[in-house]
Each structure stands twice: as C-alpha cells, then as structure tokens.
Amino acid sequence: MDSSRSLLGLSPRAIASGPRDSTTESVGRLRLLDCDRERGAFSSAFALAGIRGAIALLLVSALARLADLFDFKTRRRRRRKGCGGGGGRRDGGTMRWVVRLSGMCSAAVVMVLLSPSLQTFPPAEAIRSSQYLRFPGGGYNHQLAAAFGDADSFGFRRAPSFNNAAECEPPSANGTSSCDPSLVHVAITLDEGYLRGSMAVVHSVLAHAACPESVFFHFLVSEAGLESLVRSTFPGLRFKAYYFDPDRVRGLISASVRQALEQPLNYARNYLADILERCVSRVIYLDSDLVVVDDIAKLWRKGLGSRAVGAPEYCHANFTKYFTDRFWSDRRLASAFAGRRPCYFNTGVMVLDLVRWRGAGYTRRIERWMEVQKRGAAPGGPGRIYDLGSLPPFLLVFAGHVAPIEHRWNQHGLGGDNINGSCRDLHPGPVSLLHWSGSGKPWVRLDSNHPCPLDNLWAPYDLYGPAVG
C-alpha cells in the first residue's frame, strides 16, 4: 500500500487516537518526566518558603514580647514615682509608636525573607522552551534538561539504517562526492532553533525513499558544530555542510510580522546556485518544519520545462495580500507582474533548476527587490512594499513563471497563521508531504502537552528525547 495513501480518509480524531509507536511513546515519557521535575522544583520552593516564613514569625513574636516588656516596666516605674495622667499619656504615646515601629520592622523582615523564595520558581518559558543548548562536546540539548541540571539525559538518538532496494542503481563509493548523476539532491538549513525539525525532515525522507542511499543532503549552516551531530545521528548519510555567512543578507533584511522570518538563514535558499558545486544541476529545497511521507525521487523526477522553479501553485489564493497598498498603488512597482498570471506558491518546497537559475541571474534579481523593500522601510522612506520575510521577493521574481507540481507535495499551513498558530486540518486530496508552515510547530506543541491532532503524524520522525543507556 502506498505510504502516502495510508493517510487518506483519516479524520483528525482518528489520527489523534491512532496507535502510538515507540517514538511517540518516548515523547510522551519526556513530557511526563518534565512534569515530575516541575512538581519537584515547586515542592522544594514551597518548603524553603515555609522555613523562611517560620523564622519571620519567630522574629515578629520576639519583637512583640520586647514591646510588651518595655510597656510593663514603664507603667511600673510610673506607679512607683506617682506620676500624673499627663506623663502617662506621653509614655503611652511613646509606647504606641514603639509598637508601630516594631510592626513595620517585622513586615520588612518578612518581605526580605520571603522575596528570595519567590524567585526560586523556574519560569514557565524556560520549562516549556523547545530550543537547544550546546553540549560541552559539541552536541545539543533541550533547555529543560539544562534547567534541571540533567543535560546528559536528553539528545538525538541514532536513526535506524536505511538501505537501497534491489532495483536501485548503486551510488558511488565516495560518500562526500555530490557529482554522481544518479543522486537525488536535497537542500535543508540547519540552525539551533529548528534543529529538531531538520533532523525529522531527514529521517522522513530516508524512511520513505526507495533508494535512501542515493539521496545526497546539502546542509546550509551558519554556526559550527552541527556537522558532527548529523554524522552521529545518521551514520553513513551522504551529505555536505556549507557555511552561510549571515552578513551576506543581514543588510538586506527588513522587519517582518514574525521574528523567526527575519533570520538570515531563511534567505540561504536564494544562494543555492552560488553555494552548491557546479556539477549539481538540480536540487530539492525543503523547509525544516515538514515531513515527507512518499518517495522523494517522485518529486525529483518532476519536469520543469523551461522554468527554473517548480512548486505547487495556489491560484485561488488572494495574491494581493502578500504586498502592501503602497506597492499596488505605485504603477511602476505593480508593473512587475505585467504580462503574467501570478499565483501564490510556498517557498518551503521547491524543485530548482540551478543551471537555468545561474544563467538568468535570479539571485541578483531577488536581492534587488530586497533593496527596494529596505529603502522603503527606512525612516523617511516611501514605505515598505511587503510585510513577510523571504517569500515576497520570490513571488516578485517567479510568480507566474513556476512549473506547477501537484498539491500533494506541499500540504502546507498546518502550523496555523503567523500570529496564533492554531490547529488546521488536511486539505482535500492525497498527501505526499506535510508542512507545518505558520507559527505553530509540532515539536513545541508536543512539548507543551497541547498538540494538534496532525502533530501526531510528525512525532514518529522525531529523533529527540531521553538518552538511551
């Protein structure tokens, strides 16, 4: 049975209640362990607060006893000396001020003693974070583990081995050579924030490929140390890592509706034709928040005709919303779409003809639109021409000139919109690729114990969890 068709006909309720494999169970155990440690941390904090509170009450009681003793001795001296009523009133007034002062001092003592205990509660954001920390040896770990001083208990487990089927053409013996014409080339970015998602992408591609040993991965990174993690998680994987300098695009990036869209590595896809070896004539670009549930070679073999970009198009979408009123009101800018029928396409899944890309100079064309946006968004400028990140420049250059690919290869929008990240259902039709575009990411929602039903389709490919042995 086709792996992609196994998803058809499943309602979100059926998906959520379906059988959980060992990966999903590991994620569940991780969340239970997190909750137990949370409760332990809170219990310790409350116990410490109770001890400090008891000490504060003892001090208050001692001050009150001193005040009573002082008042008693004063009255006794007054009776012995036969003092009049006026003197008693003066002594009584003095005594009242002493009692008030002791009360204020007691309150201050209580505040000083209790305030540090309130700071012992771990912030919820640190407990629920899905970011990664660097191991002393160059690996990465969850902030939750670091927060509880148990950094060695979490990490990426080794993926199972995936071998070519009998009918596959044997790849070259050189695992680092990308010039073998039998290879399928896949490009993915790697960074700490989305590392967990990127590893799941690789896992899903290998799991469903008929010829996994013939898939060559090109990783774009902006920091050191990730290459060794990939090698330890996927032994025998054919890949290369390429350093992408953030300064190359930092001066071209303007503010976006979501901070994650402003990261320089989001723009690395613009430079694939410059970064990859010249012998690589075609590449599949994949975002880090998706899983492939079909043979990637089927996408690789899609014909592009005379186009440099192939992707699923959505011509029913409101194309005008991707640009500002300032853009559409300027005839010179809006004329960029003259003579073509522009349609929206998602840049998280693309097949790129790098030979045509290089010949047409598309990288520079994209940069020019980013420069227009940057000048318009500057103080005193005429205004920005779009609000999103790396998508609009792609639309300006390629919309209307894209080789259409079936929608099954990008069931996008599963992460909700760019603000709320709400749950979404599958689009009608067959499924070959699930894409959590939007602000909601499956690993974040699973860690917070509030997953959407479709997030359970991502969980089996998650390689992150408690260390084994």
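Worth pointing out:
- Classified by the C-alpha gyration tensor, region 378-419 has an oblate form. Its axis ratio a/c, with a ≥ b ≥ c, is 1.5 or above, and a/b does not exceed b/c.
- Gyration tensor (alpha-carbon) shape descriptor, region 318-401, a/c threshold 1.5: prolate
- Amide H contacts for Glu313 (H built 1.01 Å from N in the peptide plane; partners 5 or more residues away or on another chain; cut-off under 5 Å): Ile405.
- Contour excess over end-to-end distance, with Cα ends at Asn174 and His401 and 0.36 nm allotted per residue: 78.0 nm
- Taking region 161-466 as the region of interest, the number of lysine pairs whose Cα atoms are within less than 25 Å, with members eight or more places apart or on different chains, is 4.
- Judged by the mean number of other Cβ atoms found within 10 Å, the most tightly packed of the peptides 306-316, 286-296 leads the ranking 286-296, 306-316.
- Ser161-Thr363 pseudo-label distance in nm [points 7 Å out on the Cα-to-Cβ vector]: 3.9
- Spin-label pair Asn420-Tyr242: with each label point 7 Å from Cα along the Cα-Cβ axis, the two points sit 3.9 nm from one another.
- For region 349-457: span of alpha carbons on each principal axis (Å, largest first): 44, 38, 21
- Built amide H within the under 5 Å cut-off of Val283, gap 5+: Leu352, Leu354
- Ala377-Trp328 pseudo-label distance in nm [points 7 Å out on the Cα-to-Cβ vector]: 2.0
- Hypothetical label at Ser228: residues of region 159-178 whose amide nitrogen lies under 19 Å (7 Å Cα-Cβ projection): 159
- With q set to 0.09, 0.11, 0.15, 0.16 Å⁻¹, the log10 of I(q)/I(0) for region 161-466, from the Debye formula over equal scatterers at the Cα positions, is -0.44, -0.67, -1.30, -1.49.
We did not get these values from a lab; they are worked out from the coordinates using the rules stated. Since the structure is predicted, the reported quantities are computational estimates derived from the model, not experimental observations. Note: ideal-geometry Cβ built from the backbone for every residue, glycine included; neighbour counts use all protein chains shown.
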